[in-house]
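See below for the structure under consideration.
The values are calculated or read from the model by the stated rules, or taken from the named source; none is laboratory data. Given the structure is predicted, the values throughout are model-derived calculations rather than measurements. Positions of Cβ are backbone-derived with ideal geometry, glycine not excepted, and every protein chain shown enters the neighbour counts.
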């Protein structure tokens, strides 16, 4: 406890770190405020009343959508689409980079190439918003708030054709601008604050629902009498073990030994003798090198059927889409787990360039023992990544589908989403990443202090 308090004091004493954390918290507060601003003419209470009446599976899907948007989805907020269109655009662009030689060439152009890829992703984000915003409004006007109840549900008169066109035009514009504003906030957090802004925005929306979920779970166990204190205690212990297991998976690494060759020169008997000295180090290859991005990608893909099938009038296709609305169903979890495994391999392949790593090792006169530099080293690293990524992806998939298992034991829907699943993995991954960046700032401050102390002694 004392060490934790000392860390807090050190953070407060570091002016730059304190400023970054303050900016991050302020921008997250702005995002949370925007999640409560409804679209023009919408009564959020009507949507809440409808959600309370839907079936458990569909309600769970809405809770996931609401979590990714900080509750904005359930409130018909201007930020209802959240950051998910940008995530979907990132998936499409990365797939296109693998298939199109032109984009592959741009990727290799360094910083300028990265800016072009980001520009393409933003334009694609706008295009996706133009598709998802009408789909969301269609759900509002057909499923959530039928036009028969328009006078009670809306503040604007959209019963006329002109009113409907105006409502749709304004709402699509607001939803698109809301997504771009969320993206801007995330980029500002990354540049001016601490941590990854996009991930922090998603995490902020998830954590916002945590207190309510805890209270509902406690009431379920104590007031309703579903298990009592003993079951609540056991449930809490298992939950802590799941958190610990998630941390171990995210932090687990495979250490690949390295051997560096250093050249030193010594003057002996009027000639210079070159002496080779070996220094052993290692490459830390993470078991889940892709982090939580495969889960975010897979979740974004799983949300597509519910939105796209809104436009389809075919009853068979709508029945097929309802299968994926039940997040606790067998088929939903089977497809979800499969996508996580596939995206883990895909994201690991594009984020860890083994060929470049092999070239860098060769350039720095380093090699893996008993492995030849160059292509053999790249193949060796690729084989290791494949072997450790498979169990890592399977473990991620198991944790991701854990809520559908825990709900069978009487856990409430809200708390089940934190009992493993996407929410828990995102929170753990983002917290660990942010904590590492804070520790890096503290270490830099420590080294600066030592250097300043030495200068003071010399003076």
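Assorted remarks:
- All of 424, 432, 442, 417 fail the test of being out of contact with any strand residue (DSSP E or B) (no Cβ under 7 Å at 6 or more places or on another chain), surrounded by fewer than 17 Cβ atoms within 10 Å (Cβ to Cβ) and within 16 Å of residue 296 (Cβ to Cβ), apart from 432.
- Yes/no for residue 230 being out of contact with any helix residue (DSSP H, G or I) (no Cβ under 7 Å at 6 or more places or on another chain) and modelled with pLDDT of 80 or more: yes
- Lone unmet requirement of (1) more than 30 Å from residue 419 (Cα to Cα); (2) modelled with pLDDT under 80 for residue 113: (2)
Conditions (1) in a loop (DSSP other than H, G, I, E, B); (2) crowded, with 17+ Cβ neighbours inside 10 Å; (3) at pLDDT 85 or above; (4) at negative phi, marked per residue:
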position	(1), (2), (3), (4)
350	no, no, no, yes
370	yes, no, no, no
393	no, yes, yes, yes
438	no, yes, no, yes
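- Given (1) at negative phi; (2) surrounded by fewer than 17 Cβ atoms within 10 Å (Cβ to Cβ); (3) over 28 Å from the mean Cα position of the chain (by Cα), number of the condition residue 374 does not satisfy: (1)
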